[in-house]
1. Restricted to the range A:86-115, and to residues that are of a type in the set (A, V, I, L, M) and either at positive phi or facing another protein chain (nearest Cβ under 7 Å) (or both), which residue is farthest from DNA strand D (Cβ to nearest atom)?
2. Scan the range A:23-33 and tell me whether some residue there is open to solvent by 70 Å² or more (accessible area, probe 1.4 Å) and without any contact (Cβ under 8 Å) to a residue 12 or more places away in the chain.
3. Given the criteria in contact with a helix residue (DSSP H, G or I) (Cβ under 8 Å, 6 or more places away or on another chain) and within 16 Å of ligand 3 (Cβ to nearest atom), does B:ALA19 qualify?
4. So in the range B:17-47, with the set limited to residues that are of a type in the set (Val, Ile, Thr), touching a Leu at 6+ places or on another chain (Cβ under 9 Å) and in a helix (DSSP H, G or I), which one is farthest from ligand 4 (Cβ to nearest atom)?
5. I'm told B:ARG77 meets every condition in (1) closer than 27 Å to B:SER148 by Cα; (2) of a type in the set (D, E, K, R); (3) free of Cβ contacts under 8 Å to residues at least 60 places away in the same chain except one. Can you identify the failing condition by its number?
6. Kindly indicate whether A:GLU63 is modelled with pLDDT of 95 or more, away from DNA strand C (no atom under 11 Å from the Cβ) and not in a loop (DSSP other than H, G, I, E, B).
7. I need the full set of residues from the range B:60-74 which are open to solvent by 10 Å² or more (accessible area, probe 1.4 Å) and either within 16 Å of DNA strand D (Cβ to nearest atom) or within 14 Å of chain A (Cβ to nearest Cβ) (or both), in order please.
8. From B:VAL166, B:VAL193, B:VAL182, grab the single residue that is aliphatic (A, V, I, L, M), open to solvent by 30 Å² or more (accessible area, probe 1.4 Å) and modelled with pLDDT of 95 or more.
Number of protein chains: 2
Amino acid sequence: MTTRRVNLNTESVDNYLKAIFALGGPEEERVSSTALADRLGVAPASITNMLQKLAAAPVPLVEYESRRGVRLSTAGRRRALEILRHHRLLETFLYEVLGYPIEEVHAEAERLEHFISERFEERIDAKLGRPKFDPHGHCIPALNGKMSKQTSRPLSDIEEDGEFVVDSISDRDSVLLKRLNVHGITPGVRLRVLMSSRGEFVLRASGRFKSLQLSLSDAGAVRIRSIG
Amino acid sequence: MTTRRVNLNTESVDNYLKAIFALGGPEEERVSSTALADRLGVAPASITNMLQKLAAAPVPLVEYESRRGVRLSTAGRRRALEILRHHRLLETFLYEVLGYPIEEVHAEAERLEHFISERFEERIDAKLGRPKFDPHGHCIPALNGKMSKQTSRPLSDIEEDGEFVVDSISDRDSVLLKRLNVHGITPGVRLRVLMSSRGEFVLRASGRFKSLQLSLSDAGAVRIRSIG
DNA sequence: GGACCATTTTAGGTGTACCTAAATATTTAG
DNA sequence: CTAAATATTTAGGTACACCTAAAATGGTCC
Ligand SMILES: [Mn+2]
Ligand SMILES: [Mn+2]
Ligand SMILES: [Mn+2]
Ligand SMILES: [Mn+2]
């Protein structure tokens, strides 16, 4: 009755860990099976299956109690941050060195992040001059896994007109990303925000003439901070 | 009785096609199951299984008759050349742009070749100035799949002392590759060859003091052409 | 022309990562 | 507090890419 050891160095495991990390938020709260199923686009039953496997490993990658959600273990968090570092370095590299359009870097990085070696990671990091942020304004985790906390808030939380600085933009919706880019809404840019009726947001980047109207849900993809 | 269609866009299929292409040689001769099993490091039974699948596809990737070996179909050759182009562009890129040591480019390219997009391929090709040869001296197939025939011969075929130009060096043995590189034996270099007793080769690159002794089998990894 | 031997194929499994349907537990609402 | 709704897990599949062992084939050698 030898305990058969499973192989957890797979693209799939990477993606589960990244999803748990992302959904857990800065407080690393427990994540539900449904939320994961939704994010990863797989059936809830598949989630349960994988979580049981990740939790039962010799070095568990998650803490998991049946029906009580899941959170990353220390090893799981280390691995998630490693992949996130690959992802963001790749995005920066594709954008800066290979001249990709901003809305195309994410999909390419999403695949390659699982297959580049530590040497590749080191070489592009060096070539880019050890960047701290990716082209969407997201912080790149350091080699030791350290990552500074976000001080920004979602544009969708704003309740009054005002001026802000664009902190970062989610890379998950490439159509929206391109639309924002066309209107000059990129990380670091100064932004005038007007609340229209019915929870829509009207944005204008500094130095631009054309404004852009965003739905509440699209506004959730943009993070801002106060001018300063 | 619906014919279930299989997915042939996998890393595994890529590698089978590449192996058939490489083993078939310039004449694209039929390749035996054993030769493939040997090259790919899988059991002969696995080879049979995959070949049947590749041959039975709606657009067959190989021509296969039981017990008579395989060769690539037009579609299979196209795909093999596409992957070979990825591989060699990646090697050139890793070497030229990222400063990899020559003996490390192959392993990295071997993984990444299956996962880069057409955009990535195009961007590194452009960045490198549409190179025709990779850092081992191998021809990079064109976008349309055209590739010029080799005019070189293996060093191991030489039977008398002489001077030659290094054409290319196999990338499959990284230890040998590094050893050759240390002795200045790289594509384009002028090479003095002395036949020692017992089928060993003594090489000296032009402008170098130290010679290098190579076994017959290692000499098979070096291709040369006449000076001119 | 038959026996032998190497090659190749068939038959029957494995582990990974999914799936659907059914069962069960938890939460919410009346 | 219970019933309905929702969330989660269990049970029983599938496809892929491997594997080993056994059977079949085909060429060689006497
Ligand atoms: Mn991204
Ligand atoms: Mn991914
Ligand atoms: Mn190579
Ligand atoms: Mn490969």
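The values are calculated or read from the model by the stated rules, or taken from the named source; none is laboratory data. What you see is a predicted model; the values in this text were computed from it and never measured. All Cβ positions, glycine included, derive from the backbone under ideal geometry; neighbour counts span all protein chains shown. With ligands, DNA and RNA removed, areas are computed over all heavy atoms of the protein, side chains included. Shrake-Rupley method; radii C 1.70, N 1.55, O 1.52, S 1.80 Å.
1. My answer is A:LEU98.
2. yes
3. yes
4. B:ILE47
5. So B:ARG77 meets the others, but not (3).
6. Considered against the rule, which asks whether it is modelled with pLDDT of 95 or more, away from DNA strand C (no atom under 11 Å from the Cβ) and not in a loop (DSSP other than H, G, I, E, B), A:GLU63 comes out as yes.
7. B:PRO60, B:LEU61, B:TYR64, B:GLU65, B:SER66, B:ARG67, B:ARG68, B:GLY69, listed by residue number.
8. B:VAL182
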